[in-house]
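Following: one structure in structure tokens, then a few remarks.
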Amino acid sequence: MTPMDEVRTEPDEVVVECEMEASPEKLWRALTEEAFLSDWLDASPSDEGMEGPSYRLIEAEPYSRVCYAWHDPDHPDAPPTVTIELERLPAGRTWFRLTHGPVASANHVVAANTNRPPLAMAA
Amino acid sequence: MNESDVFRALADPTRRAVLERLLDGEKNATELREGLGISQPAVSQHVAVLRSAGLIAEKKNGRHVHYSLAPDGLAPVFDWLTRYRAFWPARVERLKTLLKEMDQ
């Protein structure tokens, strides 16, 4: 992780945000083609891997948003959704935001009206 | 208490607000309700869910009930957070490397 990366945590959400030196189109391939996913994601396509986490692509809006159903056998009841949002930046760069959290995340509402440190960090 | 109950309890923003209020220390039902903008019965319902998930403890003091955070209540969540707070930044680093290796 470089100092540029921002990692935020709510009690049931992990967020990683950073700028990528790649276009949304290039990122899109890395996020949706299985050969690339198997390289960086360190998880198996659903139903194949018996050990370790598995993913299934459930939502894909070209160049802006992908959503994976996530299953980790060590944490079967943990938040099941990984969402990646892409935002085009000048000069062929992309703002990248990964959120691992509950399905219908209301976290941003909470985050917007509290200045407290995240619960999990403070408790 | 199990991991599923804890995550379900945390999924509700009001219940998270209740827990946050208890970070400052124990509170009675009236103090807990202040600033939440919901009725006392609604607070009681949320408190019941949080209690059954093992996230808050209650202590009776005469006619008053005081609520506090249960010390180990968030342990299942910490296990998950510990894993994924390390996992995702490492994956994103690998993705950056992959992007450099990919053809345009």
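Structural remarks
- Fraction in percent of alpha-carbon pairs per bin - 10 Å, the protein assembly as shown: 7, 30, 30, 19, 10, 3, 0, 0
- Label positions at residue A:61 and residue B:26, each projected 7 Å from the Cα along the C-beta direction, are separated by 4.8 nm.
- In nm, spacing of pseudo-spin labels at residue B:72 and residue A:34 (7 Å Cα→C-beta vector): 4.3
- Positive-end residue of B:6, A:83, B:86, charge dipole of the protein assembly as shown with Cβ unit charges: B:6
- The HN-Hα couplings worked out from phi for segment B:46-60 by the Karplus form 6.51 cos²θ - 1.76 cosθ + 1.60 (θ = phi - 60°) are 5, 4, 4, 5, 5, 5, 6, 7, x, 8, 10, 10, 10, 9, 8 Hz, whole numbers, x standing for Gly and Pro.
- Amide hydrogen neighbours beyond the local backbone of residue A:42, cut-off 5 Å, H modeled: none
Since every read-out is calculated from the coordinates, none of them should be taken as a lab result. All of these numbers come straight from a predicted model, not from anything done at the bench. With ideal geometry, Cβ positions are generated from the backbone for all residues, glycine too; neighbour counts draw on all protein chains shown.
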